[in-house]
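The values are calculated or read from the model by the stated rules, or taken from the named source; none is laboratory data. It should be emphasised that the depicted structure is a prediction, and the values quoted were computed from it without experimental measurement. All Cβ positions, even for glycine, are placed from backbone atoms using ideal geometry, and neighbour counts span all protein chains on display. We work out accessible area using only protein heavy atoms, side chains counted, and drop any ligands, DNA or RNA first. Shrake-Rupley method; radii C 1.70, N 1.55, O 1.52, S 1.80 Å.
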Amino acid sequence: MHIVDRRLNPGGKSLANRQRFLRRAKALVKRAVRDSSKERSIKDLEAGGEVSIPLDGVREPRLRRSSEGGVRDYLLPGNKDYVEGERIPRPPRGGGGGGSQGSPGGEGEDDFRFALTHEEFVDLFLEDLELPDLAKRKLATTEQLSWRRAGFSVTGSPANLALTRTMRNSLSRRIALRRPRPDAMAALEEEIAELERTHDDPIRLEEAREELARMRKRTRAIPWIDPIDLRYRRSESTPRPVAQAVMFCLMDVSGSMTEHMKDLAKRFFTLLYLFLKRRYKHVEIVFIRHTHEASEVDEETFFYSPETGGTVVSTALEEMIRVMRERYRPEDWNIYAAQASDGDNTSSDNAKTSALLTEEILPACQYFAYLEVGREDDSPMGFGYRQSDLWRTYDLARTAGAQIAMRKVRHRRDIYPVFRELFAKKGERATA
């Protein structure tokens, strides 16, 4: 019996080297991915592409001669300036590659540009993020099947053949049955040839021939690999319980929200949507838009509808409570909420908003994040210290002990850092 391994090599033979490079330059690549995401459009936010990292980050260590000590002789053809024994000054180092001014030495090196696939970009983009305090309040009625190794079997597909285990079984069987070794047979054949040439000991020659015949017969009776030696890797499916979770996305689209503010809010929710769909397969998302009225909408309407109107924040909270009571009981679901607004609200609605938040929503939520977007031309001092109606309302609730995370942004470049602060892993998340 003969076994020939005809499995093809993988098409991406350089995949191991590529992954090794990513691990070595991971910090630089992650920083480049985050920087590139600040200027991307919403549609291209999760696409792959080229990123630039400093060339020093991809240099490999190498041995070089010491610049001090030792005696070295050089042959400099065409020398007209120096005679034997004179010291030649070291040339100045050239700068380069990234500045707006020329290098005096005329030398330099550009940054290293590296192309990332869609999968690699998203993995680096969303690394180290998680839903805070995801507790298995109730296991889902449907269980997810996961495959795991379950030892070996004597039957299976040739693709699952365990070569190492098969050869080990074959060796054990051959040793136990005392199958003749090839080198012992070769030594006996040499002895027979020598006896046939010299004719010194006819009796020993006959014994050797009989012994060789027995060894050859035993070799045929005990094959190198027997079907009983074959072992195949075995896998079995095991049900794995899945925690139920839902994320409520509340976005203000009233008339006070400028196009710049809406762009900031949409970028935040695009990141949130991408993060949830990428990292969690069993998290449902509920989109709620509100002006002076609120309604649950689909993804397309949430991001692209031109609807506008007045501002009554309590309507969004009431709609969230209605959906929770109908489909997502807090006893069964892990409930999360993220809200984006410019902070404006009708003055008469602040008390109702505060009551709904503290009495109905926060007790049922695992985590509530509030993002307040500002105008791009607001001064950092003014935006940082201006207290909007909604911010004051939520801040009072937070001061009273409510678990709510609050952040402010006014530039596109601030979205990603703030998003990472809100959804960083436990222990890395800052308390606002």
Report task. Give the residues of region 399-418 that are within 28 Å of SER314 (Cβ to Cβ) and either modelled with pLDDT of 85 or more or among the small types (Gly, Ala, Ser) (or both), sorted by residue number. Result -> ALA400, GLY401, ALA402, ILE404, ALA405, MET406, ARG407, LYS408, VAL409, ARG410, VAL418
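The rows are residues; the columns are (1) over 25 Å from GLU296 (Cβ atoms); (2) open to solvent by 20 Å² or more (accessible area, probe 1.4 Å); (3) modelled with pLDDT of 90 or more; (4) not charged (D, E, K, R).
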{"position": "THR346", "(1), (2), (3), (4)": "no, yes, no, yes"}
{"position": "GLN366", "(1), (2), (3), (4)": "no, yes, no, yes"}
{"position": "ARG386", "(1), (2), (3), (4)": "yes, yes, no, no"}
{"position": "ASP389", "(1), (2), (3), (4)": "no, yes, no, no"}
{"position": "ALA397", "(1), (2), (3), (4)": "no, no, no, yes"}
Report task. Identify all residues within region 272-299 that are more than 23 Å from GLU319 (Cα to Cα) and either in contact (Cβ under 8 Å) with a residue 24 or more places away in the chain or part of a loop (DSSP other than H, G, I, E, B) (or both); write none if there are none. Result -> LEU274, PHE275, ARG278, ARG279, TYR280, LYS281
Report task. Test PRO202 against the criterion of being out of contact with any helix residue (DSSP H, G or I) (no Cβ under 6 Å at 6 or more places or on another chain), open to solvent by 90 Å² or more (accessible area, probe 1.4 Å) and at pLDDT below 85, and give yes or no. Result -> yes
**Report entry** Filtered residues of region 298-331 (kept if open to solvent by less than 30 Å² (accessible area, probe 1.4 Å), closer than 15 Å to VAL246 by Cα and either of a type in the set (Ser, Thr, Tyr) or out of contact with any helix residue (DSSP H, G or I) (no Cβ under 7 Å at 6 or more places or on another chain) (or both))
**Finding:** GLU319, VAL323, MET324, TYR328
Query raised in the report: Before we move on, is GLU196 out of contact with any Asp or Glu (no Cβ under 6 Å at 6 or more places or on another chain), surrounded by 11 or more Cβ atoms within 10 Å (Cβ to Cβ), under 29 Å from SER172 (Cα atoms) and of a type outside the set (S, T, N, Q)?
Result: no
Query raised in the report: Here is a list of conditions, (1) in contact with a Ser or Thr (Cβ under 8 Å, 6 or more places away or on another chain); (2) crowded, with 18+ Cβ neighbours inside 10 Å, and PHE248 meets all of them except one; can you say which number that is?
Result: (1)
Query raised in the report: Counting just the residues of region 294-344 that are among the polar types (S, T, N, Q) and at pLDDT 90 or above, which one comes out nearest to the chain's Cα centre (by Cα)?
Result: GLN339
Query raised in the report: Of (1) surrounded by fewer than 20 Cβ atoms within 10 Å (Cβ to Cβ); (2) farther than 29 Å from GLN244 by Cα, SER295 satisfies all except one. Which?
Result: (2)
